[in-house]
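Worksheet: the structure to be examined is printed underneath.
The values are calculated or read from the model by the stated rules, or taken from the named source; none is laboratory data. Given the structure is predicted, the values throughout are model-derived calculations rather than measurements. Cβ placement follows ideal geometry from the backbone for every residue including glycine, while neighbour counts extend to all protein chains displayed. The accessibility values were calculated without ligands, DNA or RNA, using every heavy atom of the protein model including side chains. Shrake-Rupley method; radii C 1.70, N 1.55, O 1.52, S 1.80 Å.
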Amino acid sequence: MNRPKMIIFDYGQTLVHEKSFDGLRGTKAVLREAARNPNNIAAEEVQAMADKLNEDIGRRGTGIDGQPVLEVHNHMFQKYLYEYFGIELTKPAGEVERIFEEAALAAEPTENISEFLRYLEDSHIRTGVISNTAISGDRLKARISRHIPSHNFEFIIASSEYIFRKPHKRIFELALRKANLAPCDVWYVGDNAFCDVDGAAECGIFPVWYRGAEEEPGRYSPRSSCLEIYNWTELIEILMRKVE
């Protein structure tokens, strides 16, 4: 376990704790603020179809074997969803995303993440993000900037823009190419034992299992050896002990 030249982070439940999600509330906001609905389709019907589409593309898979490795961009998803009902979206796709998200999702930065990122800046350790997400890269960057405005990540990779989802090696390899670093020089921190810990380890990246926002403890344990933490201050102390 070498002291890293770069630490790459997962987004959801790692940098930011997504506390609640209400898709119906988001769909109601879109129909109210960004749509012409000539057939008066109810938000409940639209959301029911959204749930079925998510099942069709594998987003509702459970367990290790049920996880998709390819991503469907949210702009394509919402285009199909609303055109299926003859509903015309009256605002650009990115704005529709924003309206839906702000109504549907409640989130906050994970405890002490700002302090940890400040420590990395002071220590000249580079940072990046890889997130499994259907939302656009621009929307993901906006989310991160809203919750963590004081830090600039070197790159932010949204799986929606790059085909592959974690734990597929291709998305980790892309990050290594962007960083121009060998796997042994990089740590990856995430809350998901399968996608984050095992996925990073398969590429030779040192995995850190962040469990500070975990809501279902013990659901799955990683196959790979890793560093396990519950608070960012723990990782500061570990890195301080590794100063060369």
Extension gain Phe21-Ala106, at 0.36 nm per residue separation less the Cα-Cα distance, in nm? 29.9 nm
Work out how much length Ala142 to Asn180 would gain on full extension: take 0.36 nm times their residue separation and subtract the Cα-Cα distance, in nm to one decimal. 11.2 nm
Pop a pseudo-label 7 angstrom from the Cα along the beta-carbon direction at both Lys91 and Ser225 and give the gap in nm to one decimal. 5.1
Using modelled backbone amide H atoms (1.01 Å from N, in-plane), which distant-in-sequence or interchain residues come within less than 5 Å of Tyr188's amide H? Ile8, Phe206, Val208
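When the accessible area of the chain is split by element with a 1.4 Å probe, what percent falls to carbon and sulfur?
In the chain, the share of accessible area belonging to carbon and sulfur is 47 percent.
Under the definition of Cα pairs under 8 Å and six or more residues apart, what whole-number percent is the relative contact order of the chain?
So the answer I get is 26 percent.
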Using label points projected 7 Å from each Cα along Cα→Cβ, tell me how many nm separate Ile163 and Lys79, to one decimal. 1.8
For Met76, what accessible surface area do you get with a 1.4 Å probe? Give it in Å², rounded to 10. 120
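How high is the relative contact order of the range 37-126? Use alpha-carbon pairs under 8 Å, at least six apart in sequence, and give a whole percent.
RCO, the range 37-126: 26 percent.
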Under 23 Å between alpha carbons: how many lysine pairs meet that in the chain, if sequence neighbours fewer than 8 apart on the same chain are excluded? 21
Kindly report the accessible area of the chain per residue (heavy atoms of protein chains, probe 1.4 Å, no ligands, DNA or RNA), in Å². 50
Kindly provide the GluC sites (Glu not before Pro) of the range 177-217 that DSSP labels as loop, not H, G, I, E or B, and whose Cβ sees at most 10 other Cβ atoms within 10 Å. Glu215
For the range 189-225, which chymotrypsin sites (Phe, Trp or Tyr not before Pro) pass both filters: DSSP loop (anything but H, G, I, E, B) and at most 14 other C-beta atoms within 10 Å? Tyr220
In terms of the Cα gyration tensor, with a ≥ b ≥ c the square roots of its eigenvalues, is the range 95-189 rounded because a/c is under 1.5, prolate because a/b exceeds b/c, or oblate? oblate
Could you calculate the contour length gain from Leu70 to Ala48, that is, 0.36 nm times the residue separation minus the distance between their Cα atoms, to one decimal place in nm? 5.6 nm
The range 161-244: relative contact order as a whole-number percent, Cα under 8 Å and 6+ apart: 23
Among beta bridges that DSSP assigns inside the chain, antiparallel share in %, nearest 5: 30
Skipping prolines and chain starts, which residues have an amide H placed within reach, meaning under 5 Å, of the one on Arg165, given they are 5 or more residues away or on another chain? Leu70, Glu71
